[in-house]
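The structure appears below as structure tokens.
The values are calculated or read from the model by the stated rules, or taken from the named source; none is laboratory data. Being a predicted model, the structure only gives us computed values, none of them experimental. In this analysis, Cβ positions are derived from the backbone assuming ideal geometry, glycine residues included, and neighbour counts consider all displayed protein chains.
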Amino acid sequence: MRRSSRYLWVLIAAFGLGAWHSAMAYGPFQGKWPQANLGDPVYLTYSYQNLLDGGLLNPAGDPVPESQIRTAIEEAFSVWAEVAPLHFTEVPDDGLPYGQSTQYGMIRFRHIYINGPDPPTGNPTTKAQARFPGPSVSNGDVDFDHSDPWQLNGTLREPDILGAAIHELGHSLGLTHSDVEGSNLFWIFRRFAGPGTGELHPDDLAAITTHYGTGRGSVTPLVRIPEPTSVALALGGVVALLALRRRSSTERVGLRRP
């Protein structure tokens, strides 16, 4: 069905049923990753250019922990993969800018200066941005503004990475802004309260399944090898625990009477 006729149908339904318009008010699509047929699997890689280097700060001025960033990004991918046949796999990134870099994912995360912190009054300014799918190496990439404070439980002026990532990944997948206030693709993205709270609004669900079909995808992070120091500490703890158990066993044997 042509987009224009579809919108006409939605408006007619809205006039008669009231709620239909708010449930189907996502914008026109802007690009799409290759997919032979609607509902077929789509495989995308992702990587972190500099997002994990401590450049994002919390309201206290401390770096947002890498584990917090990774958890948010992976959950953001998962809310889209739970309803559409989208498979996201993390790959290594050499951290270099395009033109010098030889190792990066199709969707690349970084932090940059966008427009600074919010003004004292008025609407919030841009917190993050993304590029629609396309042939350029930077298509699909997501940028976070490192001049804004970031926190686990997002507020209007001090956002959370999870809410921003869900919104921006919608753009990375070809979705545009929605007219529905409260949807993830509304121009002011939804704020969430930490791991496990991310979800799609019905309008986002309608958009992504119309664009890629219904299905179930996956999220596959890189297997991270612990640093040598961490491995040594862990092994030391195991050795100490085994020694303690042997000592305890010996003491119990010594207490036995012949």
- When residues of region 31-47 are limited to those that are part of a strand (DSSP E or B) and touching a helix residue (DSSP H, G or I) at 6+ places or on another chain (Cβ under 9 Å), the one surrounded by the fewest Cβ atoms within 10 Å (Cβ to Cβ): Leu44
- Right, Gly18: modelled with pLDDT of 95 or more and either within 20 Å of the chain's Cα centre (by Cα) or surrounded by fewer than 18 Cβ atoms within 10 Å (Cβ to Cβ) (or both) or not? no
- Residues that are among the charged types (D, E, K, R) and assigned to a helix (DSSP H, G or I), drawn from region 158-171: Glu168
- Message: Filter region 149-177 down to the residues that are over 18 Å from Arg70 (Cα atoms) and either basic (Lys, Arg) or surrounded by fewer than 24 Cβ atoms within 10 Å (Cβ to Cβ) (or both) and list them by number.
- Response: Thr155, Leu156, Arg157, Glu158, His171, Gly174, Thr176, His177
- Does region 138-152 contain any residue that is touching a helix residue (DSSP H, G or I) at 6+ places or on another chain (Cβ under 9 Å), among the aromatic types (Phe, Trp, Tyr), part of a loop (DSSP other than H, G, I, E, B) and closer than 21 Å to Thr197 by Cα? yes
- Query: Quick one: how many residues across region 59-87 are in contact with a Leu (Cβ under 7 Å, 6 or more places away or on another chain) and under 23 Å from Asp145 (Cβ atoms)?
  - Reply: 11
- Query: On the given criteria, is Val142 surrounded by fewer than 15 Cβ atoms within 10 Å (Cβ to Cβ), among the hydrophobic types (A, V, I, L, M, F, W, C) and within 26 Å of Gln30 (Cβ to Cβ)?
  - Reply: no
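Considering only residues that are part of a loop (DSSP other than H, G, I, E, B) and hydrophobic (A, V, I, L, M, F, W, C), look in region 96-136 and name the one that is nearest to Phe77 (Cα to Cα).
Taking the candidates together, the pick is Met106.
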- Criterion (over 25 Å from Asn50 (Cβ atoms) and among the aliphatic types (A, V, I, L, M)) met by exactly one of Leu162, Leu169, Leu222, Leu175: Leu175
- If we keep only residues of region 54-73 that are in a helix (DSSP H, G or I) and not β-branched (Val, Ile, Thr), then the residue surrounded by the most Cβ atoms within 10 Å (Cβ to Cβ) is Ala72
- Can Val137 be described as surrounded by fewer than 16 Cβ atoms within 10 Å (Cβ to Cβ) and of a type in the set (A, V, I, L, M)? yes
- Note on the structure: Checked Thr176, Thr197, Thr155, Thr210 against criteria (part of a loop (DSSP other than H, G, I, E, B) and closer than 23 Å to Pro34 by Cβ); the one match is Thr176
- Among the residues of region 65-80, is there at least one that is farther than 22 Å from Ser138 by Cα and among the hydrophobic types (A, V, I, L, M, F, W, C)? yes
